[in-house]
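Novice: Below you will find the structure I want to go over with you.
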Amino acid sequence: MKIVEFLRPDAVVGEIAGQSGPAVLAELCQPIAAGLKLEPQRLVDILVEREKLGSTGIGDGVAIPHGKVPGLPALVASFGRSRAGVDFRAIDGKPTHLFFTLFAPENSAGAHLKALARISRLFKNAGFRAAILEAKDAAEIYRLIETEDGRY
């Protein structure tokens, strides 16, 4: 499974404007909702409910908010960068800069877990995280993800 199978270039936000967790989630749900013709708030609500179980801020400046959507045909994702960082209640207590939002069909536990593991593995690389933070725009971020994704 490759990340580029469920992350479209137009779902990459080069610089997130939101300065709070809910604002970031709303911003990241916009491109997904537009692509699927869904109400963005429905997606935000799913992520907010998941965050109530515990923060998806995995540390090292990375968060992977995720949830399951009834009727969704396949995995879909968005990615956003906040150079300033956002308090996302990450496990290491540090600001979060890189947000990878993932939605999965309701009955897709295997694919959902494989995608989360792949995203997590990719973003464990400190050099890759630094390159994403330094990228000039969303197109360059997508190319970096595509290149790194192809190495595994």
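Computed from the coordinates by the stated procedures, all read-outs in this text should not be read as laboratory data. Predicted model, so just to flag it, every value in this text is computed and none were measured. As a convention, Cβ positions derive from the backbone with ideal geometry for all residues, glycine included, and neighbour counts pool all protein chains shown.
Novice: With the cut-off at 1.5 for a/c, could you classify region 93-135 from its C-alpha gyration tensor as rounded, prolate or oblate?
Specialist: Verdict is prolate for region 93-135.
Novice: How far is the Cα center of region 117-152 from the Cα center of region 58-75, in Å?
Specialist: So the two Cα centres are separated by 17 Å.
Novice: Something else about it: By the scheme Lys and Arg +1, Asp and Glu -1, what is the net charge of all other residues having a beta-carbon under 11 Å from that of Lys94?
Specialist: Charge balance near Lys94 sits at -2.
Novice: Given the options Glu15, Glu51, Glu106, state which has the largest fluctuation in a GNM of the chain using a 10 Å cut-off (strictly under) for Cα springs.
Specialist: Glu106
Novice: Where in region 73-97 is the amide nitrogen less than 20 Å from a point lying 7 Å along the Cα-to-Cβ axis of Leu53?
Specialist: Answer for this model: 73-78, 88-92.
Novice: Taking the chain as a Gaussian network, Cα atoms linked when under 10 Å apart, which of Arg83, Arg129, Arg42 shows the biggest mean-square fluctuation?
Specialist: Highest fluctuation among the options: Arg42.
Novice: Could you work out which residue, out of Val86, Val12, Val69, moves most in a Gaussian network model of the chain, that is, has the largest mean-square fluctuation with Cα springs under 10 Å?
Specialist: Sorting by GNM fluctuation, first place goes to Val69.
Novice: In addition: Sum up the lysine pairs in region 3-146 that clear both bars: alpha-carbon distance under 21 Å and a spacing of 8 or more or different chains.
Specialist: So the count of such lysine pairs works out to 6.
Novice: Using Cα pairs under 8 angstrom and six or more residues apart, how large is the relative contact order of the chain, in percent?
Specialist: Result for the chain is 28 percent.
Novice: When Lys and Arg each count +1 and Asp and Glu each count -1, what net charge do the other residues less than 14 Å away from Leu43, Cβ to Cβ, add up to? Spell out each step's value before the answer.
Specialist: Values: positive: Lys37, Arg42, Arg50, Lys68; negative: Glu27, Glu39, Asp45, Glu49, Glu51, Glu106.
Charge balance in the 14 Å sphere: -2.
Novice: Can you give the net charge of the other residues whose Cβ lies under 15 Å from the Cβ of Ile145, counting K and R as +1 and D and E as -1?
Specialist: Here the charged neighbours net out to +2.
Novice: Measuring from label point to label point, each 7 Å out along Cα→Cβ, what is the Asp87 to Asn125 span in nm?
Specialist: Modelled inter-label distance: 3.3 nm.
Novice: Moving to a separate point now. Quick check: from the Cα gyration tensor, does the chain come out rounded (a/c under 1.5), prolate or oblate?
Specialist: Values: a/c = 1.35, a/b = 1.15, b/c = 1.17.
Here the chain falls in the rounded category.
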